[in-house]
Amino acid sequence: MEYVSLKGTINSAVKVISFTPYLVRFELKTAEQNYNCLVAKDAAPISIFGHFNKRKQLIVDKYHVKNVIQKLSVVR
């Protein structure tokens, strides 16, 4: 198994494909190319910092995902 570290932006809708087992799909756009990504197994721990608007929706200003290398599979 080859591990990679990628930096980019999410270029598609984040879709929950399955809850058992947990499976989420999205496209990651880097400077070089686009990657189809799957978050599989357990959900990655995430820290979210934000505020609530008048409609009581959480507006995320900053987030940090921990242990991404262990939780993210890249499909090329």
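Determine whether THR30 is in contact with a Gly (Cβ under 8 Å, 6 or more places away or on another chain), closer than 19 Å to TYR63 by Cβ and of a type in the set (Ser, Thr, Tyr).
Working: in contact with a Gly (Cβ under 8 Å, 6 or more places away or on another chain): yes; closer than 19 Å to TYR63 by Cβ: yes; of a type in the set (Ser, Thr, Tyr): yes.
So THR30 passes the test.
List pairs: first in the stretch 1-25 and farther than 15 Å from TYR35 by Cβ, second assigned to a loop (DSSP other than H, G, I, E, B) and charged (D, E, K, R), Cβ under 8 Å, 6+ apart or cross-chain?
PRO21/LYS41; TYR22/LYS41; TYR22/ASP42
Of all residues being exposed (fewer than 11 other Cβ atoms within 10 Å of the Cβ) and not in a loop (DSSP other than H, G, I, E, B) in the stretch 17-29, which is modelled with the highest pLDDT? Just the residue, please. Reasoning before the result, please.
The first filter runs over the stretch 17-29 and keeps only residues exposed (fewer than 11 other Cβ atoms within 10 Å of the Cβ), leaving 18-21.
Applying the additional criterion that residues be not in a loop (DSSP other than H, G, I, E, B) yields 18-19.
Values: SER18: 82, PHE19: 78.
Checking each candidate, the answer is SER18.
GLU32 versus (1) in a loop (DSSP other than H, G, I, E, B); (2) at pLDDT 85 or above; (3) under 11 Å from the mean Cα position of the chain (by Cα): which is the lone unmet condition?
(3)
Of the residues VAL4, VAL65, which is within 11 Å of the chain's Cα centre (by Cα) and at pLDDT below 75? Break it down stepwise before answering.
On the way: VAL4 fails: within 11 Å of the chain's Cα centre (by Cα).
None of the others qualify; the one that does is VAL65.
So for the stretch 40-49 (the condition being outside any strand (DSSP E or B), at pLDDT 80 or above and in contact with a strand residue (DSSP E or B) (Cβ under 9 Å, 6 or more places away or on another chain)), does at least one residue qualify?
Here is the first cut: in the stretch 40-49, the ones outside any strand (DSSP E or B) are 41-45.
The next check asks that each one be at pLDDT 80 or above; those that pass are none.
The answer is no, given that none of the residues of the stretch 40-49 is outside any strand (DSSP E or B), at pLDDT 80 or above and in contact with a strand residue (DSSP E or B) (Cβ under 9 Å, 6 or more places away or on another chain).
The values are calculated or read from the model by the stated rules, or taken from the named source; none is laboratory data. In this text, all values refer to a predicted model and were calculated from it rather than measured experimentally. Counting neighbours? That spans all protein chains shown, and the Cβs are built from the backbone with ideal geometry, glycine included.
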